[in-house]
Every structure is written in C-alpha cells, then in structure tokens.
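*Asks:* Have a look at the structure that comes next, please.
The values are calculated or read from the model by the stated rules, or taken from the named source; none is laboratory data. Predicted, not measured: the structure shown is a model, and the values here were computed from it. Don't worry about glycine lacking a Cβ; one is built from the backbone with ideal geometry, like all the others, and counts go over all protein chains shown.
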Amino acid sequence: MRVDVWLWAVRLAKSRSVATAWCRAGHVRLNGVRVKPASTVKVGDRVEFRTDRDRVVEVVALLPKRVGAPEAVKAYVDHSPAPLPREYVAPAGIRDRGTGRPTKRDRRALDRLRGRD
C-alpha cells in the first residue's frame, strides 16, 4: 500500500494531497529513510512524519480506504514523544485604546520589553 494513501486512510493527514505534499517535501520517513509518496508501507513498518509536532507511528493494519476515527486508531500504534508544554507568555507592550501613536521613547521601551533591542 502507498504511504500517502495509508497516512490519509488512518486520518493522520487531512487529505491525500496533503500526505503527498509531506512526502515530496521530505517530511515523511519510513523506517528512517525519506520516502516518495508511492513507497510501499507494510505491517510492522515505522512511519515518522512532521506536522505541527514530530509523530512516530507503527503500522498495525493496512486499510484499503478511509475509515472512521475509532477504527483508524486501531491501524497504528503511536510512539510519538509527548508534545512540549506551551509556555505562558504574558502579553507585553499592550497600549490602551485612544492613547495615540507611541512616541520614539515609548517605541524603544516597547522594543526592549519585547526583546528586540
């Protein structure tokens, strides 16, 4: 089965064209090797790809067509590392409405606050 079709069938990619684009861009690895969209995936293979975070999945079943989410989850085992915790960043340099444009001094203070020295 093609790797791009499998990624789409198990709902890891939103569409098949997105999965194909990931493969062409080099974001998909099959057993540690970058693959083309038409590369064959087998049961037991390890597929690594990068979306908003790194994902590592092991192929458990090959699905001939796209299935519902509860069935799709049964087709792979997720070995992905836990996502990094998002750090809370306090809003910096927010001005009150109606105060007008910042002066040059205010602009420099805002840049220092935002770390843009």
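*Asks:* Would you mind telling me which numbered condition in (1) surrounded by 10 or more Cβ atoms within 10 Å (Cβ to Cβ); (2) in a loop (DSSP other than H, G, I, E, B); (3) not aromatic (Phe, Trp, Tyr) GLU71 fails?
*Replies:* Only one criterion in (1) surrounded by 10 or more Cβ atoms within 10 Å (Cβ to Cβ); (2) in a loop (DSSP other than H, G, I, E, B); (3) not aromatic (Phe, Trp, Tyr) is unmet by GLU71, namely (2).
*Asks:* Output the residues belonging to region 33-57 that are of a type in the set (Ser, Thr, Tyr) and surrounded by 15 or more Cβ atoms within 10 Å (Cβ to Cβ).
*Replies:* Once the filter is applied, which keeps residues that are of a type in the set (Ser, Thr, Tyr) and surrounded by 15 or more Cβ atoms within 10 Å (Cβ to Cβ), region 33-57 yields only SER39.
*Asks:* Being hydrophobic (A, V, I, L, M, F, W, C) and surrounded by fewer than 18 Cβ atoms within 10 Å (Cβ to Cβ) narrows it down to one of LEU30, LEU62, so name that one.
*Replies:* Among LEU30, LEU62, only LEU62 is hydrophobic (A, V, I, L, M, F, W, C) and surrounded by fewer than 18 Cβ atoms within 10 Å (Cβ to Cβ).
*Asks:* State whether the residues of region 49-68 include one that is over 15 Å from TRP6 (Cβ atoms) and assigned to a helix (DSSP H, G or I).
*Replies:* No - not one qualifying residue is present in region 49-68.
*Asks:* Filter region 38-63 down to the residues that are hydrophobic (A, V, I, L, M, F, W, C) and touching a residue at least 40 places away in the same chain (Cβ under 8 Å) and list them by number.
*Replies:* VAL41, VAL47, PHE49, VAL57, VAL59, LEU62, LEU63
*Asks:* May I pose another question? Please state which one of VAL41, VAL73, VAL77 is touching a Phe, Trp or Tyr at 6+ places or on another chain (Cβ under 9 Å), modelled with pLDDT of 90 or more and either among the β-branched types (Val, Ile, Thr) or under 30 Å from ARG112 (Cβ atoms) (or both).
*Replies:* VAL41 is the lone residue from the list that is touching a Phe, Trp or Tyr at 6+ places or on another chain (Cβ under 9 Å), modelled with pLDDT of 90 or more and either among the β-branched types (Val, Ile, Thr) or under 30 Å from ARG112 (Cβ atoms) (or both).
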